[in-house]
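First the structure, in the form of structure tokens, and then the observations on it.
Taken together, the values in this text are just the output of simple stated rules run on the coordinates, not laboratory data. Keep in mind the model is a prediction, meaning the values are calculated, not measured. Cβ placement follows ideal geometry from the backbone for every residue including glycine, while neighbour counts extend to all protein chains displayed.
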């Protein structure tokens, strides 16, 4: 009985290691995490520059409108 159970477990483990369906989901998850980290780091690096750009534009528009 133990031998049958051991063979069954070995077959299940082998099938788990060979199967590739779950790998695709993991790859997509890693790709999404990498894109998210890139966006956050770009936002942190460029955040002040973007704010300054819009504040400058608001100043120019306010001056042009005379307010």
Cα-based helix-to-principal-axis angle, 2-18 vs the chain, degrees rounded to 10 = 30
remark   = Rounded to the nearest 10, the angle in degrees between the Cα long axis of helix 21-65 and the longest principal axis of the Cα atoms of the chain comes to 0
note = Taking a crude spin-label model, label points 7 Å out from Cα along the C-beta direction, the residue 65 to residue 6 distance in nm is 8.2
query = Extension gain residue 27-residue 46, at 0.36 nm per residue separation less the Cα-Cα distance, in nm?
reply = 4.0 nm
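Is it possible to state the helix-based mean residue ellipticity at 222 nm for the chain, with each DSSP H run of 4+ residues giving -39500 (n - 2.57), the sum divided by total residues, to the nearest 500 deg cm²/dmol? What is it? Working shown, then result.
Details: 2 runs with 62 residues, N = 67.
For the chain, the value works out to -33500 deg cm²/dmol.
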message = Please report, in whole Å³, the volume per residue of the convex hull around the C-alpha atoms of the range 2-65.
response = 104
